[in-house]
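Notes follow once the structure below has been shown.
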Amino acid sequence: NAVWLTEENYLCSSYYPRLGNHLFNDTYAFIQKKEIQRQMWFYYQIFAKDGVIFIRPNDGKKTFTGQLLDLQEFDRFFKNNLVCNSQDEDFVVVSNPKTINGEWRFICHEKEIIAVSCYQFQGQKTQIPSAPDGATQKCLEVLSEGYWPDKAFTVDICEDSTGQYWLLELNSFCSAGIYSANKEKIVNRISEIV
C-alpha cells in the first residue's frame, strides 16, 4: 500500500507562488485566522465584491470548505465553529469572489494525466468522465511547471465566466474523490507507479 500525502506540499502557501500564473484565485492574501477576525473591515475593503469575499484554509486537509463569505455572515462563520478544526494561528486564504462555470478533477502523475472527471457544471453537480480541451490543456500547462506534490495527486481546473481555464487547487490522491473518472485506468496506472 502506498499513501501519498505530503501535507506541506498541499499548503496553498507552498504552491500558489510557484503556480501563480495559472491560479483562478490569482489575487489573494495569506492571513492568520485571528488576524482576519481582528481586521475584518480592512480585508473586505481590499477583496470584497458586493460585500462578499472568498475564503479557504491554507492547508490541503480542508479544515473547512472554501466558500464565499458575506460580510453579514462573517461573525457567525467564526462563532458557530464553522472553522472549528483550525487554530487561531492557522492561515486562511482570502481572495476576490469570482464566478465558476465548470470544474474538472484530473488524476495525475508528474506530467501525465491518468484520468479525469467533471464534478460541477453551471452550478449543478455533474459527474462525467471527460473534460473540454481547454481544461485538459490548462492541466498540462500546470503539470509542465514541474510542481508535483506526490507520486500521484489531483489537479482541479475550473472555467470562469469568460470561458478561460484556471488552476483551482491541488489535492492529495489519497484523500480526494475521483467522481466518475475511469477507475480501472486509475487502479492499473497507480499499481504500475507503486
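When you check Phe106 against the structure, is it within 30 Å of Gln37 (Cβ to Cβ) and open to solvent by less than 80 Å² (accessible area, probe 1.4 Å), yes or no? So Phe106 does not fit the description; no. Checking each residue in the range 7-28 for being outside any helix (DSSP H, G or I) and loosely packed, with under 14 Cβ neighbours inside 10 Å picks out only Thr27. Among all residues of the range 142-154, there is at least one that is assigned to a helix (DSSP H, G or I), on the phi < 0 side of the Ramachandran plot and surrounded by fewer than 20 Cβ atoms within 10 Å (Cβ to Cβ). Note on the range 43-78: residues that are open to solvent by 80 Å² or more (accessible area, probe 1.4 Å) and either of a type in the set (S, T, N, Q) or under 12 Å from the mean Cα position of the chain (by Cα) (or both) total 5.
The values are calculated or read from the model by the stated rules, or taken from the named source; none is laboratory data. Quick caveat: nothing in here was measured; it's all calculated off a predicted structure. Because the Cβ atoms are built from the backbone with ideal geometry, glycine has one as well, and the counts that use them run over all protein chains shown. What goes into the accessible areas is simple: the full protein's heavy atoms, side chains included, and nothing from ligands, DNA or RNA. Shrake-Rupley method; radii C 1.70, N 1.55, O 1.52, S 1.80 Å.
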